[in-house]
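Student: Before anything else, here's the structure in question.
The values are calculated or read from the model by the stated rules, or taken from the named source; none is laboratory data. These figures come from a predicted structure and were not determined experimentally. A quick note on method: Cβ atoms are made from the backbone with ideal geometry, for glycine too, and the neighbour counts reach across all protein chains shown. We work out accessible area using only protein heavy atoms, side chains counted, and drop any ligands, DNA or RNA first. Shrake-Rupley method; radii C 1.70, N 1.55, O 1.52, S 1.80 Å.
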Amino acid sequence: MPAIDLYRVVRADDTHDLKAGQVVEVVRNAGPEMLDDVIRGWVGQLTAQAVLSAGTTIAVHGDTATIRQPRQPEPDLTLGAGDWLVHTRTRLLVVTDDAFHEGFRSLLRSPS
């Protein structure tokens, strides 16, 4: 099973409330298997642990997913193949591959 990675933010991103030096968890959507094996379970686990707001849901459609986060500035996220799902503090973000490589660097790999 693919792993969830931990990354450090290289530069601050005020739009997404990310501070330089902050550690985030991410997983890349490489297709339907990633959605079923990792992302869906990860979102469910974070919600069950009250890390994410109650009511966070994920609906999978092929290799894309729609994630609904109640009471967030970006309540509906669309995660496509090749995008990165980033967990930062109390919410999820979707980051394109190019933007991800510009703003993060690998720290370590954690088993999912």
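Student: Add +1 for every Lys or Arg and -1 for every Asp or Glu among the other residues with Cβ under 14 Å from the Cβ of residue 78, and state the total.
Tutor: Local charge sum for residue 78: -3.
Student: Looking at the chain from every direction and averaging, what is the projected area of its Cα convex hull in nm²?
Tutor: Numbers: hull surface 24.9 nm².
That works out to 6.2 nm², a quarter of the Cα hull's surface.
Student: Further question: Taking R0 as 22 Å, what's the FRET efficiency between residue 74 and residue 45 from their Cβ-Cβ distance, rounded to 0.05?
Tutor: The pair residue 74/residue 45 has a calculated efficiency of 0.55.
Student: From largest accessible area down, sort 25, 102; use a 1.4 Å probe on the protein chains.
Tutor: Order by accessible area, largest first: 102, 25.
Student: Among 35, 85, 23, which residue has its Cα positioned farthest towards the positive end of the charge dipole of the chain, with +1 placed on the Cβ of Lys and Arg, -1 on the Cβ of Asp and Glu, and the dipole taken about the Cα centre?
Tutor: Working it through, the farthest residue towards the positive pole turns out to be 23.
Student: Evaluate E = 1/(1 + (r/R0)^6) for residue 6 and residue 60, where r is the Cβ-Cβ distance and R0 equals 22 Å; express this FRET efficiency to the nearest 0.05.
Tutor: Numbers: r = 24 Å, r/R0 = 1.11.
Result of the calculation: an efficiency of 0.35.
Student: Search the structure for amide H atoms under 5 Å from the amide H of residue 88, placed 1.01 Å from N in the peptide plane, and list their residues when 5 or more places away or on another chain.
Tutor: When sequence neighbours closer than 5 places are left aside, the close amide H contacts are 93.
Student: With a sphere of radius 13 Å drawn around the Cβ of residue 97, what net charge do the other residues whose Cβ falls strictly inside it have (Lys, Arg +1; Asp, Glu -1)?
Tutor: Taking every other residue near residue 97 into account, the sum is -2.
Student: Rank these residues by their accessible area, most exposed first, probe 1.4 Å: 106, 53.
Tutor: Result of the area sort, largest leading: 106, 53.
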